[in-house]
1. Go through the stretch 224-249 residue by residue and tally those that are in a loop (DSSP other than H, G, I, E, B) and exposed (fewer than 10 other Cβ atoms within 10 Å of the Cβ).
2. I need the full set of residues from the stretch 154-164 which are open to solvent by 30 Å² or more (accessible area, probe 1.4 Å) and either in a helix (DSSP H, G or I) or modelled with pLDDT of 85 or more (or both), in order please.
3. Taking LYS77 as the residue in question, decide whether it is at pLDDT 90 or above, under 19 Å from LYS2 (Cα atoms) and open to solvent by 50 Å² or more (accessible area, probe 1.4 Å).
4. Tally up the residues in the stretch 195-223 that are among the hydrophobic types (A, V, I, L, M, F, W, C) and open to solvent by 100 Å² or more (accessible area, probe 1.4 Å), please.
5. What is the number of the single condition among (1) hydrophobic (A, V, I, L, M, F, W, C); (2) assigned to a helix (DSSP H, G or I); (3) over 30 Å from ARG195 (Cα atoms); (4) at pLDDT 95 or above that MET21 does not meet?
6. Testing GLU252 on (1) open to solvent by 70 Å² or more (accessible area, probe 1.4 Å); (2) modelled with pLDDT of 90 or more, one condition comes back false. Which one is that?
7. Can you pull out the residues in the stretch 139-153 that are in contact with a Leu (Cβ under 9 Å, 6 or more places away or on another chain) and open to solvent by less than 30 Å² (accessible area, probe 1.4 Å)?
8. Identify, from the list LYS104, LYS51, LYS2, the residue that is open to solvent by 50 Å² or more (accessible area, probe 1.4 Å), part of a loop (DSSP other than H, G, I, E, B), among the charged types (D, E, K, R) and closer than 27 Å to GLY165 by Cβ.
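The values are calculated or read from the model by the stated rules, or taken from the named source; none is laboratory data. On a predicted model such as this, the values are computed, not experimentally measured, just so you know. When we count neighbours, we look across all protein chains shown, and the Cβ atoms used for this are built from the backbone with ideal geometry, even at glycine. Calculation scope for accessible area: heavy atoms of the full protein, side chains included, ligands and nucleic acids excluded. Shrake-Rupley method; radii C 1.70, N 1.55, O 1.52, S 1.80 Å.
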Amino acid sequence: MKSILEYNDYRSYIQDYYTEMKARHLMSWRIFAKQAGFVSPSYIKLVCENKTNLSDEGIDQLSKAMGLRGYEVEFFKLLVHLNQAKLIEEKQKILIQAANFAQKYKVNILNRDMFSYFSNWLNPVLRELAPDVSSIKVSEIARRFVPHVTGAEVRKSLRFLVSNGFLIQNENGTYRQAEKNLASDNKDITMTALRELHRQVGTLALDALNNVPVNERDFSEVIMGVTKNAYDKILAEIADFRKRVIAIATQEDGIDRVYSLNIQMIPLTHKNTGKNFNKKKQEKTEKDI
């Protein structure tokens, strides 16, 4: 069975542990629950099926039942809290704890390099820009950025990108991308880190509205009323459009500059529930009078 450090989902780990023990004729859901000290014989099965969650006490009980020791228990707790967290802010705090855990025990977990990558807008931009820069002087690379960044910031980002395999440094000191496209199979990390990236790039977009010449940037808005069916169709159209844009950008070698294309569709009103709020307000006013 794989080490728990290789898992992104604690429910999958419990299920794999159970499956392996059952294959050895050493386990049933009833026996498993009894070993862990749970009253309900189907409780752990329900946890694996995502029909209920683990409490902190349940985490300790299952850790002992599965024979986890030392840092494995600590990681199992982090994984449970991460998977069960509802708010993005909660997940972000737990991912920071996970990064500290990885540093403490010198282990690579949860694709934490992807979390760090998306948590700073400079990293994805520099990953695109670096292969097009012939100079290896960080001060000259820094001058290419809009808005201004320091040489120290560029140096730190380059060090991170190379050490985590996003960029490869050539013999002459220049850089090339390790992979053309990036992907993460961990939804928790991707959603949490991308939210921070969206926030940072959104701030840059507002700055560009005032500080970048009109012929070098594009802003447009369409404010429209839609149904839920139309909304779903529009999202599908946006996804297809995004793929076509990426295909156009990757057809040509080299780049002139790095751009960020932001596509947002956000609600500006609450949903129509069919209730006439104006009528209710009027009736209340007349009654009060």
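1. Qualifying residue count, the stretch 224-249: 3.
2. Answer for the stretch 154-164, where residues must be open to solvent by 30 Å² or more (accessible area, probe 1.4 Å) and either in a helix (DSSP H, G or I) or modelled with pLDDT of 85 or more (or both): ARG155, LYS156, ARG159, PHE160, VAL162, SER163.
3. yes
4. Here the count works out to 4.
5. Looking at each condition in turn, MET21 falls short on (4).
6. Status for GLU252: all satisfied but (2).
7. Correct list: ILE141, PHE145, VAL149.
8. LYS2
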